[in-house]
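Every number here is computed from the coordinates shown, using simple stated rules; none is lab data. The shown structure was predicted, so the numbers you read here are calculated from the model rather than taken from an experiment. Neighbour counts run over all protein chains shown; Cβ positions are idealised from the backbone, glycine included.
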Amino acid sequence: MGFLIVAGSFGELMRTQLAVPNNTLLDPFQYSETVTLHGLLMILWVLSPLGVGIANYIVPLQIGAKDLAFPRLNATSYFTYLFSGVLLVGSIFLPGGGAATGWTLYAPLNTIQFSPQSGATLAILALALLSVSVTMSSINFITTIVKNRTKGVTWKRLPIFTWSILMTMALMLFAFPTLAAGALLLTSDRIFGTIFFSSTVGGSILWDLLFWFFGHPEVYIVVLPAIGIIAEVFMTSAKRGLFARTVFLFELGAVTFLSVDVWMHHMFTTGVNYTLLQTFSITTLAISIPFEGVVIGLVLTLYKSRIKITTPFLFCLAAIFTVTLGGVTGVLQAFPVLDYAFRGTYWVVGHFHYVMAGTTLFALIGGLYYWWPKITKRMYNETIGIITFIISFIGFNILYFPYFFMIDMPRRVATFTYTSGLASLNLTATVGAYIFGPAFLLAVLNLAFSLRKASSETNANPWEAKEMEWTGDYSGTGQATSTENGGTSSITGDYTKKSKEIEK
Amino acid sequence: MTGNNEHSEGKHSFMPIVISVGVSILLLGLIIYIPLFVAGLIITAVALLKVFKDGFEEKFSKSKETPEEAWPLEQQGKEKIGVWVFLTSEILIFGSLISAYVYVRLGSSSWPIASQTHNVILGMINTIILLTSSLSIVLALYFIRAGNTTGLKVGLTSAFALGSAFLVIKLGFEWPELIRKGFTINSGLPGSTYYVLTGVHAVHLAAGLVAVGYLMLRAFNGGFNSSKHSGVENVGLYWHFVDIVWMFLFPLFYLI
Amino acid sequence: MDQPIPASAVDWNNFFDLATIIAIVAMSIVIAAMIIFTIKYRERKGQLRFIPEIGLSKSRARDAVIFAAISIILLFSLTIAGERLTPNARFEPNVSQSLVISVSAYQWDFKFEYPNGVNTTRQVFLPANTTIMFNVTSEDVMHNFYLVQYKVSIDAIPGRSNVIWITTPPVTGNNTLSYQIVCKELCGEYHTFMGANMTVLSLPTFNQWLNNQTSSNSTSGG
């Protein structure tokens, strides 16, 4: 959470700098540092860890385990994550400053020749340490989900959120070693004087390949837990099982598999062989199909249901909105010819903020709200929740929607001129930032405030949820007529098949 | 960001924090102040020893959670599954490094001839040493399964000795010779790729030696018997993996 | 700018509009469905009805296949359309009939070299109605060479020569067309200020300018 505040303030800082043309609040180097740290922290130290943190608590509950398979490894993973983040933030205080290359750390800007400051090396080491932490986590979670399920939790009845975590962890296993390898080679360049990224034989393209082979699965790692959360919240809020559950899981698996084969779409402008670009354009378009299927499945879960509108539900609704908008803008980028213009501009920034900041952040907060009564046995203030949701959603859109109109504005520029015509759009966005940031913070604080109330068992299941982590009933004992400790159907594990349960 | 371990059974170890702090100080020291690096190294090493000691006294071995659904892997212990998952990530990191090597080598207009640069004989000897060490570990497992603790000790000790020999030959003979000839880590891409890859492999081998050393200490302390020896099998898995990586590195650097 | 939009950009805009319209339609359907469902099916007082799971049945599977088929057809058509447009930027025209200009990006400017050896910095003058081929490379870090109004860009990578080309629009007499070039890849401290001006002159004016440059042997343009 602390990292969210740091990275969030960096975001606000950036927007402030861009509020007016020719602003001199931050000098260009500082701006680049801010950009880099905002990106790295948000993606790697905030979004994913929030998801994993929720999973750390909820997955064992969902599968009936007492804890993760390797508790000490769990703690080690957490503390290395924490300290790697401390190292990263600390890197900007070293003489010469920290990394100023953007979160993508492109070569050869990242070599010692063009980024001589030791802060940049420290940032790379922090990345490597995070990779270690993540690997430990994935070992833990995968082993837990495979081995520590209690009786009755068969693969078929595994909850959706746990499925999404399992897929996330598998992707992490696949993607982070490549980041670690890249960081290792870069560190070797910077400390031992090797020339992996400064020579023209390896150089930019080698870094691009290594980084994006990690980078693309990484963004799916960020978003998959969010999808799992949305599914859970929708199911409970709508009081019915997931629409076409098997197909849904199948599509989610397809997205996971395909995500490792689309990464070159980040390299459309590097001048590599055009046939390669065509191939990856096709794979990128291909992955959009199961993903859209996932979204449609989630929406159709609301069909012919009985929806209780609550704060978590609203956040997840917003998440569906942002993932659809973000998703289609992403599909547009899958065409190389369009991407030539999009690449490196604010269109891309808009796209990924919609899917990452929008979908993931909203879904994660929705998940926190949803499971809060279970975790803390306290109920938050629903009215404040809904109000802060509305304000932050409006602010979010004011902040990011203008980005799609700023196709001509390059990324990571510290200022712009009056004549570029971008002034009003930028100002609008900054206004949005000032609305979104505080509102979102309040939404989170709303949860913290609830801790001041006394805990109470009556809060243990305010949604009348039927999933296993709420009821404690893992083996699916047939039909039941009571609403609280309802039985679970043998196919979905979620809701009873009683259509006889009556209309009043 | 993780929740508290509210579910655990009240046994908390401080080692995770200490290890993390140690490693972080180590990395920080690497950048700004070498004595800090040494300090970090010492802290991490001490913490690791404490972990070993805990393992000795079996302070953290929990009883199996029953009953379980674990299809299709009911027979395997959770540590074994953990090791396999870990090995997957290791395959990927070596895969990425090897791919990077292949990429720069294919993109280079010229590359020194392997037989002229490297001592193929020594490389061959090292390969045989590693293969034999893998065999030793397999035998060690075989013996302890049958309850033969002497065989276990012999097997583990041989593996340890052979692994050490590998490192001695590589670091004590091969590398100094290469450096003397001017083939250093920053003498160009051939040098860089060789040292980085074999270096990473050597670090993994050294870590394996530490693990085998731990097993040896436990074995000599009577900590294993015919029904309790999963550590031997798991470390063995890791050891075979390190061997297999070498099977790739050897031809890639010494033969072609 | 009240000057004509280059042909490549017109095509780009059309394709973009087409793709965007399809995207907006798709998105509206999904979001509208979501909102309608939320409103229509929200809980009203006094009802506690549990709905059976709508699972996988033949009709669902058929629907899924139809959906996938529609998506595939749509995306495939868009891809083909995109391919048709790409020649504007990717597939090499006849080199002998183009004006080849070497572009060197460096921190933090662009340097242009003409076939006869004339050099300009931050400025490039081009003849109208000609195919221009840019050979783009970098002297230091990775940059991106973006012709803003033409909507084409390529990375400038050290050690690599990437090719990109455009066709300049017609110009008559003493008129000029001004276009912008910016760097779209973070390349260091002054990335914000890295760019160049492109001016298109009518062929006679351009030749005159080029002759002046060659004879005075200057190394920077206007």
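The residue list A:Gly297, A:Pro336, A:Trp372 was ranked by how far each Cα lies along the charge dipole of segment A:281-384 toward its positive end, using unit charges on Cβ atoms, and A:Trp372 comes out on top. Along each principal axis, taking the top coordinate minus the bottom one, the Cα set of segment C:95-216 gives 40, 28, 26 Å in descending order. Neighbour counts of other Cβ atoms within 10 Å put C:Met27, B:Met124, A:Met172, A:Met409 in the fewest-to-most order B:Met124, C:Met27, A:Met409, A:Met172. Put simply, when C:124-133, A:291-300, A:334-343 are sorted by average Cβ atoms within 10 angstrom per residue, most first, you get A:334-343, A:291-300, C:124-133. Mind checking A:115-128 for the average number of partner chain beta-carbons within 10 Å of each residue's beta-carbon? For this peptide, the per-residue mean of nearby foreign Cβ atoms is 2.
The long axis of helix B:34-57 is offset from the longest Cα principal axis of chain B by roughly 40 degrees. Put simply, when B:189-201, A:86-98 are sorted by average Cβ atoms within 10 angstrom per residue, most first, you get B:189-201, A:86-98.
Within 10 Å of the Cβ of each residue in A:324-331, the mean number of Cβ atoms contributed by other protein chains is 5. Peptide A:178-187 has a mean shielding of 5, counted as Cβ atoms of other protein chains within 10 Å of each residue's Cβ. Charges were assigned to the Cβ only: +1 to each Lys and Arg, -1 to each Asp and Glu. The resulting dipole of segment A:306-412 about its Cα centre is roughly 440 debye. Measure nothing fancy, just the Cα-based angle from helix B:230-250's long axis to the longest principal axis of chain B, in degrees from 0 to 90, nearest 10. It is inclined by approximately 10 degrees.
As a rough guide to protection, the peptides A:268-277, A:203-212, C:185-194, A:443-452 ranked by mean Cβ packing within 10 Å, highest first, stand as A:203-212, C:185-194, A:268-277, A:443-452.
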